[in-house]
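The values are calculated or read from the model by the stated rules, or taken from the named source; none is laboratory data. Computed from a prediction, not measured in an experiment: that's the story for all the values here. Virtual Cβ from ideal backbone geometry, glycine too; neighbours counted across all protein chains shown. All accessible areas refer to the heavy atoms of the entire protein, side chains included, with ligands and DNA or RNA removed. Shrake-Rupley method; radii C 1.70, N 1.55, O 1.52, S 1.80 Å.
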Amino acid sequence: MRILRGLALIGLLAGPLWAGEAGDLVFAQRGPWDLSQGPLVWMLHQTGPQAEGFAPLGEGTVSLGAATDAPHGQPALELTEKTPRTTRKIGPFPVSGGDPALTFFLETTARDMAALTGGSPFYIRNRLKDALFRSGEIRHEGEATVAVFVPFAQDENRGRMAGFDTLELRFTLDDPGRPIRRMLAETGPLSGGRPAYHSEMVLK
């Protein structure tokens, strides 16, 4: 099944002029993608509490491969998500557009947070957008460059976020033109004694 409308953060990828240095690195132009050796594959690992509207994905993969935009017959990109619960195609995405894997990761985080907190997905997406473009810091961990964001730590509604005010996003980066090596979203323990939320994509 092709699912594109759920990836509402696609519009987020057109960064404004005031993007910070950390955000600039995360949203660097990575296309055109080199898929000559086959799809790019990220290992997916997600844990968290069982809740209405949310069940952890567990272990799986997210692959970025070549596709065709059927209505126009033009080259395009497509994601394939495979987990024990589902296998689905997501796209098509333009070849020269943003980073489909990053878009998937951010939209998954926003959707899961909305489900686990009962908050507005629109508010959550807007706050993520603001944090990614305006804040964040760059850390050097060994030879790796890591962009780190804590989007809700100072949010005026953080007391109603059921523990997601501790959410930290981490992006481990290579050369700006290469795929993001690791994307991580994790919290501390959630309210009510529920376990922490952890969602991670690691490039194979």
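For the range 31-83, chymotrypsin sites (Phe, Trp or Tyr not before Pro) meeting the loop criterion (DSSP other than H, G, I, E, B) and having at most 15 other Cβ atoms within 10 Å: none. Note that the chain presents 50 Å² accessible area per residue, ligands and nucleic acids not counted, probe 1.4 Å. Relative to the longest principal Cα axis of the chain, at what angle does helix 100-117 sit, 0 to 90 degrees, rounded to 10? It is inclined by approximately 30 degrees.
Taking the accessible area of the range 164-204, probe 1.4 Å, and keeping the other protein chains in place, the carbon and sulfur fraction comes to 51%. The listed residues Lys204, Lys129, once ranked by accessible area (1.4 Å probe) with the largest placed first, stand as Lys204, Lys129.
Glu59 exposes around 110 Å² of accessible area when a 1.4 Å probe is run over every protein chain in place. The relative contact order of the chain comes to 24 percent, based on Cα pairs under 8 Å that sit 6 or more residues apart.
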